[in-house]
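Since every read-out is calculated from the coordinates, none of them should be taken as a lab result. In this text, all values refer to a predicted model and were calculated from it rather than measured experimentally. No Cβ is skipped: glycine too gets one built from the backbone with ideal geometry, and neighbour counts run over all protein chains shown.
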Amino acid sequence: MRTRKALAVEGKVYLVGAGPGDAGLITVKGLKALKAADVILYDHLVNEALLEEARPDAELIYVGKRSGDHRYRQSEINRLFKERCAAGKIVVRLKGGDPFVFGRGGEEALELAESGLAFEVVPGVSSALAVPAYAGIPLTQRGFSSSVAFITGHEEPDKAEESVDWGRLAASVDTLVILMGLSRLESIVGRLLAAGKDAATPAAVISRGTMSAQVTVAGTLDDIVGRVGELRLEPPAIIVVGEVVGLSGKLSWFEGEARGGGRRGTPPAARGSGPSAYEEP
């Protein structure tokens with residue numbers, strides 16, 4: 001990555017993944033871009049501790065979106081980073097997780113490319129990977145899961161029809177990781193059951209993953225909606241469905257350490273192919 005001096009005349013936008021919440025999970029390259037930036041446009045799910053790494057004279061612009069609170073339209077965000085870049089500024093567009101995983105990073109990169117402006121993508125640690133890991137849930141495991149799908153639980157409300165094929169997912173994928181689906185949990189579970197997914201399939205909902213306030217609720221498709229409702233979990237949250245959820249009882253390592261407590265919910269045992277699932281070749 002070039003230094004601030006080398007970019008004094010030529011502006012550039014860095015689409016940087018800030019990681020899933022834990023500030024320590026930003027990449028080395030992402031942190032370098034953050035420290036060099038003239039302007040930082042950051043999202044709601046970005047850990048604000050990262051902003052302390054910015055230069056004292058950097059312009060910080062909050063462009064986050066929450067349910068019912070969209071301070072900036074996407075078109076306005078695009079205008080902000082294009083104007084700053086065209087003026088010769090180093091701009092960091094700091095996004096939660098990874099910019100290219102349900103983060104509109106592709107849309108913003110296209111906007112820059114079509115405007116003839118220089119940009120670079122700095123991948124981040126996606127919440128789809130990190131949050132289950134912090135809950136002790138391996139997304140793949142011999143004997144339990146050899147396939148994973150990442151699914152949005154929040155499609156555009158004005159779409160004519162839902163594009164997610166829940167029937168195909170229920171039948172052909174071992175582990176489902178659903179982002180932004182907490183408010184639609186009951187509907188998602190209903191679709192999976194209607195598609196033939198076993199009601200005894202382990203499922204978990206992880207709220208505020210990788211943060212000290214992380215809470216994991218584990219159960220099965222049959223009871224996960226009720227368990228989550230009792231605790232009134234809040235977003236952001238990740239939903240994981242599959243036999244690997246059953247391993248979290250043994251592999252959970254973060255929540256007790258972070259809170260001095262334990263898990264809120266007991267997963268059923270994973271139904272793998274027996275001891276051979278753990279044997280080394």
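List of remarks:
- Interchain or long-range residues, amide H under 5 Å from residue 253's placed H: 136
- The HN-Hα couplings worked out from phi for segment 213-227 by the Karplus form 6.51 cos²θ - 1.76 cosθ + 1.60 (θ = phi - 60°) are 8, 4, 10, 10, 10, 10, x, 10, 4, 5, 10, 5, 4, x, 4 Hz, whole numbers, x standing for Gly and Pro.
- For residue 55, nonlocal amide neighbours, meaning residues 5 or more places apart or on other chains whose placed amide H falls under 5 Å from its own, are 37.
- Computed from label points 7 Å out along Cα-Cβ, the spacing between residue 154 and residue 120 is 3.0 nm.
- Between residue 57 and residue 194, the modelled labels are 5.9 nm apart [label points 7 Å from Cα along Cα→Cβ].
- As a proxy for reagent exposure, 95, 197, 29 were ordered by neighbouring Cβ count within 10 angstrom, fewest first; the result is 29, 197, 95.
- Footprinting exposure proxy for 73, 104 (fewest neighbouring C-beta atoms within 10 Å first): 73, 104
- Proxy reagent accessibility, fewest Cβ within 10 Å first, across 61, 40: 61, 40
- Residues whose placed amide H lies under 5 Å from that of residue 90, excluding near-sequence neighbours: 12, 38, 39
- Taking 0.36 nm per residue of separation and subtracting the current Cα-Cα distance, fully stretching the chain between residue 230 and residue 253 would add 5.9 nm.
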